[in-house]
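All remarks here apply to the structure that follows.
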Amino acid sequence: MSAPEKPAPPVNYWTKPYWNAANEGKLIIQRCLDCQKHIFYPRICCPFCFSDRIEWVPASGKGRVYTYTVVRSNAPSAFIGDMPFVIAIVRLEEGVQMLTNIVGCDPDEVRCEMPVEVTFERLNENFVLPKFKPAGSE
Ligand SMILES: [Zn+2]
């Protein structure tokens, strides 16, 4: 029996630009035109000043591991084949935090404050997921 398909992210009009960019291997985030703060996850208005004047800007793709956990057992069935895998919160240089995976290294090598950079993994024919790997790694 093959593993069930991994769930795909929900897409709506305010997240569509993010997923379109990811499909092209680009990481973009929102920035408020009124208070200038960066925003992630995508929203329809600024969570700081409630302005609806929001633009999309390229993100550096560089950040540090804020916190993480290594999943070694009891993953949902679609993810069993990936174990062990790392679920992390990465804080980008822009200040926003992303829930993501750390890939491209042994899970035991991951540390808080480790420098990481974005990489892209195709989930299926419709989605590419931004993930993070140790900075400077292949
Ligand atoms: Zn704002």
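A few remarks follow.
- Residues LEU99 and LEU33, FRET efficiency given R0 of 25 Å [Cβ-Cβ distance, rounded to 0.05]: 0.45
- log10 of Debye I(q)/I(0), alpha-carbon scatterers only, for region 11-59 at 0.23, 0.30, 0.33 Å⁻¹: -0.76, -1.12, -1.26
- Binned Cα-Cα distances of the chain, short to long, each 5 Å bin given as a whole percent: 2, 10, 18, 20, 20, 16, 9, 4, 2, 0, 0
- Column: log10 I(q)/I(0), Debye, Cα scatterers of region 60-138, q = 0.16 Å⁻¹: -0.57
- Within the chain, longest stretch free of exposed chymotrypsin sites (Phe, Trp or Tyr not before Pro) [DSSP loop, at most 13 other beta carbons within 10 Å]: 51-138
- When only Cα pairs below 8 angstrom with a gap of at least 6 residues are kept, the chain shows a relative contact order of 22 percent.
- Expressed to the nearest 5 percent, the antiparallel share of DSSP beta bridges inside the chain is 95 percent.
- Lone cysteines, the chain (no partner Cβ under 4.7 Å): CYS45, CYS105, CYS112
- Our helix-only sum for the chain, with -39,500 (n - 2.57) per DSSP H run of n ≥ 4 divided by its residues, gives a mean residue ellipticity at 222 nm of -1500 deg cm²/dmol.
Computed from the coordinates by the stated procedures, all read-outs in this text should not be read as laboratory data. This structure is a prediction, so every number in the text was calculated from the model and none was measured. Reconstructed Cβ throughout: ideal geometry from the backbone, glycine too, with neighbour counts over all protein chains shown.
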